Amino acid sequence: MRTFDAPVEKVWSDPAILCQWWAPQPYTCKIDEMDFKEGGYWIYNMVGPEGDVHRGRMDYLKIEQHKRLEAEDYFVDEDGNASTGIPPMQMSVKFDSNGSSTTVTSITTFASAEALKQMAEMGMAEGWELACNQLEALLV
């Protein structure tokens with residue numbers, strides 16, 4: 001849970017700024033394809049400082065503009081096939097407008113305790129915190 005000092009219309013990121021905060025620094029984000037609608041998807045690349053590329057896909061399951069987003073996020077290969085060995089994440093993100101501020105509650109679930117442990121060991125929580133810090137800086 002994180003409260004941002006900005007109205008929900010600014011916190012609810014449009015594609016123009018999404019990649020400015022999605023990948024935790026020093027990584028950058030590049031959009032390959034995006035179809036932001038229920039049943040749509042987003043294919044992106046997180047590019048590291050050494051040129052390493054981590055390709056991801058987010059499938060949009062539920063979208064309520066400025067209120068809620070549900071999606072499945074997972075790593076994919078160059079052909080768009082789900083990567084083996086890295087578990088998918090189910091995300092539920094709620095946006096609560098408090099006038100001039102917005103509280104974002106993000107819940108991520110996994111198919112098993114082992115999958116959660118694997119993602120924790122990969123630094124997912126720290127990466128999400130860095131991404132939120134980057135979003136906060138953009139909102140100033």
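The values are calculated or read from the model by the stated rules, or taken from the named source; none is laboratory data. Since the model is a prediction, treat every value here as computed from it, not as a measurement. We place every Cβ from the backbone using ideal geometry, glycine too, and count neighbours over all the protein chains shown. For accessibility, only protein heavy atoms count, side chains too; no ligands or nucleic acids. Shrake-Rupley method; radii C 1.70, N 1.55, O 1.52, S 1.80 Å.
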Which order do Leu138, Leu18 take when ranked by solvent-accessible area (1.4 Å probe, heavy atoms of all protein chains), largest first? Leu138, Leu18
List, in the order given, every pair from Lys62/Lys94; Lys30/Lys117; Lys62/Lys117 whose Cα-Cα distance in the structure shown is over 22 Å. Lys30/Lys117; Lys62/Lys117
At 1.4 Å probe size, with every protein chain present, just tell me what the per residue accessible area of the chain comes to in Å². 57 Å²
Return, in residue-number order, each cysteine of the chain whose C-beta is not under 4.7 Å from any other cysteine's C-beta. Cys132
Using only helices, what value at 222 nm comes out for the chain when you add -39,500 (n - 2.57) per DSSP H run of length 4 or more and divide by the total residues, to the nearest 500 deg cm²/dmol? -7500 deg cm²/dmol
Within-12-Å neighbourhood charge of Tyr74 [Cβ basis; K, R +1; D, E -1]: -2
Over what distance in Å are the Cα centres of segment 1-25 and segment 38-77 separated? 14 Å
Relative contact order for the chain using alpha-carbon pairs under 8 Å, separation at least 6, rounded to a whole percent? 26 percent
Vicinal HN-Hα couplings computed from phi for segment 76-85 (Karplus, 6.51 cos²θ - 1.76 cosθ + 1.60; Hz; Gly/Pro x): 10, 8, 4, 8, x, 7, 4, 5, 7, x
May I ask for the net charge around Leu61, where only other residues with Cβ less than 9 Å from the Cβ of Leu61 are counted and Lys, Arg are +1 while Asp, Glu are -1? -3
Taking the chain as a Gaussian network, where each spring joins two C-alpha atoms under 10 Å apart, which residue of Thr109, Thr28, Thr84 fluctuates the most? Thr84
How much accessible surface does Tyr60 have with a 1.4 Å probe, in Å² rounded to 10? 10 Å²
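For segment 1-97, which GluC sites (Glu not before Pro) are in a loop by DSSP, counting at most 16 other Cβ atoms within 10 Å?
On the way: sites: Glu9, Glu33, Glu38, Glu50, Glu64, Glu70, Glu72, Glu78; in loops: Glu38, Glu50, Glu78.
Qualifying residues, ordered by number: Glu38, Glu50, Glu78.
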To the nearest 10 square angstrom, how much accessible area does Phe75 have with a 1.4 angstrom probe? 40 Å²
